[in-house]
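Here's the structure we're looking at; comments come further down.
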Amino acid sequence: MSPDDYKALPVPPLPPTQCLNTTTFTQPKLDGSLSVPELYDWHLEHSPNHPLFVFSDEQGISTTIYWPEAARAVHRAGHLVRSLVQDDTSKTAQPSKPRVLAVLAATDSVTFFTLLVGVMRAGHTVFPISPRNSAQAVAHLLTKTNATHLFVGPEVAFQDLAAASLKVISSSGGSVPALAAMPSFEELYVKDSAKNFVPLPPVKPEWDSAAVIMHSSGSTAFPKPIVWTHYRYLLLSIVPYLGERDLTSQRLACHSLPMYHGMGIMQTGWTVRARS
């Protein structure tokens, strides 16, 4: 039976292993009263001086992105998503029927991270697909999940893979997802992001609804979709509390983790619970 059938809400008290030596990270509620996407709004307000991302440019100059700037970029990504998805939802309401938006790209981790969370914060389901799959495998995954949109990276290899995948779907009479350009870092992280900031309307996803869709490796057959509900996503986000090391304010190098892999996308949950 699926772990999602065994819900324990509120979440039982967790071991006091995280957030022990920080003055800038405000520990959110851990009882399940807030879903992971909602916690990005929490840190926008409560962790204004805590860093989320640190990276260096080609000249070795370090840049720090704090929680408010990152959260606003998430909202900006969410607005992009809502502009693409056409349904009966008003601009102030939660989507009545979450759509599946797939991503076929290998852009920088910060941009990828932000788009993934932005899709969920907009009230939809995100499906990062490994570009190592064949066109037939990608078409299979898009069809199985009823994906309505596909974000594609600008590289020729990804454009060609997306075109070939949609051709497979079309030739079989399936519903072809709409293509969308993968947003750039500059589109999501704008200067003076607090000016003219328009927050997304609040969302309260159902615990049984899909937050993220991953897929199996496809080593023995076509890859299979693996759904993470918002409840499972919540449980995965508290994993750091079950360890012995306080990760809060520790700098972890995650740039080599592909964001279409489970270890990559789990960073989007761990960061809101325990660390930068």
- Within the bounds of segment 47-61, is there any residue that is surrounded by fewer than 16 Cβ atoms within 10 Å (Cβ to Cβ), at pLDDT 90 or above, in a loop (DSSP other than H, G, I, E, B) and touching a helix residue (DSSP H, G or I) at 6+ places or on another chain (Cβ under 7 Å)? yes
- Only one residue in Asp31, Asp88 is acidic (Asp, Glu), modelled with pLDDT under 95 and closer than 30 Å to Leu141 by Cβ. Which one? Asp88
- Query: Out of the residues in segment 228-249 that are free of Cβ contacts under 8 Å to residues at least 40 places away in the same chain and crowded, with 17+ Cβ neighbours inside 10 Å, which is farthest from Phe127 (Cα to Cα)?
  - Reply: Leu236
- Message: Filter segment 6-15 down to the residues that are without any contact (Cβ under 8 Å) to a residue 12 or more places away in the chain and either within 12 Å of Gly243 (Cβ to Cβ) or touching a Lys or Arg at 6+ places or on another chain (Cβ under 7 Å) (or both) and list them by number.
- Response: none
- Note on the structure: Going through segment 250-274 in order, the residues found to be part of a helix (DSSP H, G or I) and either exposed (fewer than 13 other Cβ atoms within 10 Å of the Cβ) or small (Gly, Ala, Ser) (or both) are Gly262, Met263, Gly264, Gly269
- If you go through Asp41, Asp57, the only one that is out of contact with any Asp or Glu (no Cβ under 7 Å at 6 or more places or on another chain) and over 22 Å from Ser209 (Cα atoms) is Asp57
- Answer yes or no as to whether Val103 is modelled with pLDDT under 95 and not polar (S, T, N, Q). no
- Query: For segment 134-161, which residues satisfy the criterion of being surrounded by 19 or more Cβ atoms within 10 Å (Cβ to Cβ) and not in a helix (DSSP H, G or I)?
  - Reply: Thr145, Ala147, Thr148, His149, Leu150, Phe151, Val152, Gly153
- Message: Just the residues that are crowded, with 18+ Cβ neighbours inside 10 Å, out of contact with any strand residue (DSSP E or B) (no Cβ under 7 Å at 6 or more places or on another chain) and of a type in the set (A, V, I, L, M, F, W, C), please, taken from segment 177-200.
- Response: Leu188, Leu200
- Only residues that are touching a residue at least 60 places away in the same chain (Cβ under 8 Å), part of a loop (DSSP other than H, G, I, E, B) and not hydroxyl-bearing (Ser, Thr, Tyr): list them for segment 96-133, please. Pro98, Ala105, Ala106, Asp108, Ala122, Gly123, Ile129, Pro131, Asn133
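The values are calculated or read from the model by the stated rules, or taken from the named source; none is laboratory data. Quick caveat: nothing in here was measured; it's all calculated off a predicted structure. Neighbour counts are summed over all protein chains in view; Cβ atoms, including those assigned to glycine, are modelled from backbone coordinates with ideal geometry.
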